């Protein structure tokens, strides 16, 4: 009974909000008729790896397990929007992402079979070039919902794939180039002088970005791809 009352209350509140939005004067009523418009975006990201270890880790000496841990980062970019139809836009949002991720290894060594976790941190500075389609709902007063999706090319400007390692430390090296599939949802708010958008989307890498190296740490991984959540605030 309490759940039913809560659902009814939420539904009535949503209907009231929509009706109120319809009655309010529309800000920038001709905004969506423009062929092109521009803006900028800032955002938060939470990046991780999708890791596929080798099927038999016993072949790699003392290595018992391979895991990954996601970490937070920051995005900043510009927005270029092309109106294709009343409810469809093409968007190009070049941006730079500061990304940090970890790969954890569980090792067993010594006569007493001592267990130790070893973490390898991987930092990236990605130049991202996404090309996205934005499918919009009807405008409801001064806001509308939308879905967005497409492909993104990324170039890691901080990759260690070609750098020498003078300390001889075993590190994971990533390829500089990646391609992602992106999908997400958002909401546009039409303010008196600009449009504010809140957007959340997932990005899944489709390329194995692990650079082959002849060491136990690298050879224990069969495939490594990117997996990132982005929350963006866009000003247009």
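No lab work stands behind these numbers, since they all come straight from the coordinates. Please read these numbers as outputs of a predicted model, since none were measured by experiment. Please note: Cβ atoms are built from the backbone with ideal geometry, for glycine as well, and neighbour counts cover all protein chains shown.
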remark   = Neighbour-count ranking for 82, 132 (other C-beta within 10 angstrom, fewest to most) reads 82, 132
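What's the FRET efficiency of residue 69 with residue 189 using the Cβ-Cβ distance as r and R₀ = 30 Å, to the nearest 0.05? Write down the numbers at each step before the final one.
Values: r = 35 Å, r/R0 = 1.15.
It comes to 0.30.
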query = Counting other C-beta atoms within 10 Å, which of 236, 86 has the fewest, and how do the rest follow?
reply = 86, 236
